[in-house]
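Let me begin by presenting the structure, written as structure tokens, before commenting on it.
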Amino acid sequence: MSVSTHPRPQLARENWTNLNGRWAFGIGDAASCVNREITVPYAPETPASGIEAKGYFNTCWYQRSIDTPKLGAGARLMLHFEAADYTTQVWVNGQFAGEHEGGYTRFSFDITDAVAGKTSSEILVRCDDDPLDLSKPRGKQDWQPEAHAIWYPRTTGLWQTVWTEVVPAARISGLRWRADVPTWSIRMDAATLNAPAGARLRVQLRIGERSLADDTFAINDQLA
């Protein structure tokens with residue numbers, strides 16, 4: 001899939017798969033309620049989801065199968081969520097992959113061990129959000145039956161892109177850019193995982209075909 005559609009274009013790698021599209025879906029306390037279809041990443045309250053759920057509900061479920069990519073030596077398979085509202089639990093092939101709390105931030109799980117030896121893998125997602133709990137950050141989340149100060153429906157469950165990515169064991173895990181306008185300079189902080197002793201990070205900065213910077217840096221305590 002094109003890098004231009006990558007959900008994190010500053011951290012784009014070639015081997016990734018967008019999981020947006022049709023998922024099995026259900027509303028209720030148990031996974032057995034999954035008996036409908038929804039279009040991810042549209043919240044079930046929206047017409048675009050194909051559900052357009054009305055009223056209040058606390059729990060919803062998502063389920064789908066994926067083709068398990070081939071993993072080379074040392075490679076890991078990551079399952080990424082750009083956002084889900086509010087508490088999210090994830091299982092892959094029946095194994096618990098992890099949990100995240102918060103409706104607006106991205107999160108990821110390493111699912112390599114759960115998909116080992118599988119050509120096809122099943123993802124099951126549970127999202128819990130009490131729309132009447134006013135202690136949570138509200139955003140678009142109206143607690144009244146009808147929107148009274150905004151024009152959005154309530155937003156529950158998966159409402160941003162879901163995707164998988166094959167990554168090397170030693171990798172860049174995060175980037176932060178900071179501009180200093182008075183000095184016409186840019187600072188880059190790169191976080192790494194599993195960098196071997198003596199590893200160095202090469203940074204190239206270009207505008208089109210013009211090279212602005214090309215340098216190599218030592219990695220200290222997983223930061224470069």
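The values are calculated or read from the model by the stated rules, or taken from the named source; none is laboratory data. Worth saying up front: this structure is predicted, and the values here are computed from it rather than measured. Note that each Cβ is placed from the backbone with ideal geometry, even for glycine, and that neighbours are counted across all protein chains shown. Note: accessible area is taken over every heavy atom of the protein model, side chains too, but ligands, DNA and RNA are not part of it. Shrake-Rupley method; radii C 1.70, N 1.55, O 1.52, S 1.80 Å.
Quick notes on this one:
- A count restricted to the stretch 163-189 and to residues that are in contact (Cβ under 8 Å) with a residue 24 or more places away in the chain, over 20 Å from Ala75 (Cα atoms) and of a type in the set (A, V, I, L, M) stands at 1.
- Of the residues Ala169, Ala179, the single one that is part of a strand (DSSP E or B) and more than 25 Å from Gly28 (Cβ to Cβ) is Ala179.
- Whichever residue in the stretch 47-61 is part of a loop (DSSP other than H, G, I, E, B) and within 18 Å of Glu101 (Cα to Cα) and, among such residues, is least open to solvent (accessible area, probe 1.4 Å): Phe57
- Complete set of residues in the stretch 16-44 that are of a type in the set (A, V, I, L, M), outside any loop (DSSP other than H, G, I, E, B) and closer than 22 Å to Leu77 by Cβ: Ala24, Val40
- Residues that are under 23 Å from Ser120 (Cα atoms), polar (S, T, N, Q) and either open to solvent by 50 Å² or more (accessible area, probe 1.4 Å) or part of a loop (DSSP other than H, G, I, E, B) (or both), drawn from the stretch 75-108: Asn93, Gln95
- Within the stretch 147-173, being within 28 Å of Leu132 (Cβ to Cβ) and surrounded by fewer than 14 Cβ atoms within 10 Å (Cβ to Cβ) holds for Ala147, His148, Ala149, Ile150, Trp151, Tyr152.
- When the stretch 4-27 is limited to residues that are more than 16 Å from the chain's Cα centre (by Cα) and at pLDDT below 95, the one that is most open to solvent (accessible area, probe 1.4 Å) turns out to be Glu14.
This table checks each residue for (1) more than 20 Å from the chain's Cα centre (by Cα); (2) within 19 Å of Asn15 (Cα to Cα).
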residue	(1), (2)
Ile111	no, yes
Ala147	yes, no
Thr155	no, no
Val167	no, yes
Arg176	no, no
